[in-house]
Structures are given as C-alpha cells and as structure tokens.
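Taking it in order: structure first as structure tokens, then the write-up.
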Amino acid sequence: MQRLPNWPARLDRFLVGAAVRRFDYGVFDCCLFVCEAIEVMTGIDPARPFRGRYRSRAAGRRLLLSAGGIPALAAKHGMPEIPIGQAGRGDVLLFRSMCIGLVALSGVDALVIGKSGALTRVDATLARRAWKVG
C-alpha cells in the first residue's frame, strides 16, 4: 500500500467533509471513518467487505473480530505495526474498546469520530497500538 502523491490535500478535503457527517454504524463510524481516510490517501478501502453489513456496535465488533480484528486487517493491507511514538500524519491508532483514530495532519494529536458524529481531537500518546499507512 502506497500513499498517493497528493495525499495531504486529499486527506484535508476528506476531513472537512467528515466533520459534518452523521455517525451511523455500518455507514460512518470510527472504523469506517479511518478506512475511508486510508482510501483517500491510498486508493484502497480496507473496509470494503464490511460496509453496510452491520447496524450496531456489537454486530460491527463481531464482524471485525471474525476477520481477525484490526491487527489482521492492517496486516492484510500491508500496514505494519509501529511504535506509537513513530506514528505520523495519516497513520492509524488504536485506542481502548477497539476505537480507532487517525493521526491528524498536525502530527501531534489524533482524530476520532464520536457517536455525535463530531470529529474529536485526542492525545495520540493515549493510543495502545499504531500502524503505518503507506
């Protein structure tokens, strides 16, 4: 998986649009937000097999775990696990309860999507694991 040459501008446009979207399990939730961002940066959608196949947190969790979880999904798409301190702009972070986020363009904090649909900044050092995108 490689990032497209203009990925920062593409990601910035995506984030502007994502900021006004509504949270909806199976359509736009924390996992799908991150996977859409990955697609914007690389042209590859790691969540393609999961989209629209669940309507609750529990069902989404079961579906993801049946595929091996976030680590297996990352490995399948060529995203190596890295130390949290090495995660940079656009990389994926795992927080508690399978909540995933994206290192913001600032490179300092992470963006996650809450049930309100709002993009929220979180201290990236609170992450438990990290993966390199491209």
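We did not get these values from a lab; they are worked out from the coordinates using the rules stated. Note that the structure is a prediction, hence the values are computed from the model and not measured. Quick reminder, even Gly has a Cβ in these numbers, built from the backbone with ideal geometry, and neighbours come from all protein chains shown.
Let me have the relative contact order for the chain, percent, based on Cα pairs under 8 Å that are six or more residues apart.
Values: 237 pairs, mean separation 38.1, N = 134.
Reported as a whole number, the value is 28 percent.
Is the stretch 13-70 best put as rounded, prolate or oblate by its Cα gyration tensor, with a ≥ b ≥ c the root eigenvalues, rounded for a/c under 1.5, and otherwise prolate when a/b is larger than b/c, oblate when not? Before the final figure, lay out each step's value.
Details: a/c = 2.61, a/b = 1.39, b/c = 1.88.
Oblate is the answer for the stretch 13-70, as a/c is 1.5 or above yet b/c matches or exceeds a/b.
Give the span of the chain's Cα atoms along each principal axis, as three whole-Å numbers ordered largest to smallest.
33, 30, 28
I need the calculated FRET efficiency for the pair residue 121 and residue 81, taking r as the beta carbon distance and R₀ as 30 Å, to the nearest 0.05.
Step by step, r from the Cβ atoms, then E = 0.85.
Determine the shape class of the stretch 62-134: with a ≥ b ≥ c the square roots of the Cα gyration tensor eigenvalues, call it rounded for a/c under 1.5, and otherwise prolate if a/b is greater than b/c, oblate otherwise. Working shown, then result.
Details: a/c = 1.95, a/b = 1.18, b/c = 1.65.
Oblate, because a/c is 1.5 or more while a/b does not exceed b/c.
Select from 59, 18, 87 the residue whose mean-square fluctuation is largest in a Gaussian network model of the chain (Cα-Cα springs shorter than 10 Å).
Maximum fluctuation in the GNM of the chain, among the listed residues, is at 59.
Gaussian network model of the chain, Cα springs within a sub-10 Å range: biggest mean-square fluctuation belongs to which of 16, 27, 108?
16
Can you compute the charge dipole magnitude of the chain about its Cα centre, using +1 on each Lys and Arg Cβ and -1 on each Asp and Glu Cβ, nothing else charged? Give it in debye, rounded to the nearest 20.
On the way: 20 positive and 10 negative charges, 86 e Å.
Here the size comes out at about 420 debye.
Please find, in a Gaussian network model of the chain (springs between Cα atoms separated by less than 10 Å), the residue of 20, 34, 122 whose mean-square fluctuation is greatest.
Highest fluctuation among the options: 20.
What is the Cα centroid distance between the stretch 1-22 and the stretch 31-86, reported in whole angstrom?
Their Cα centres are 16 Å away from one another.
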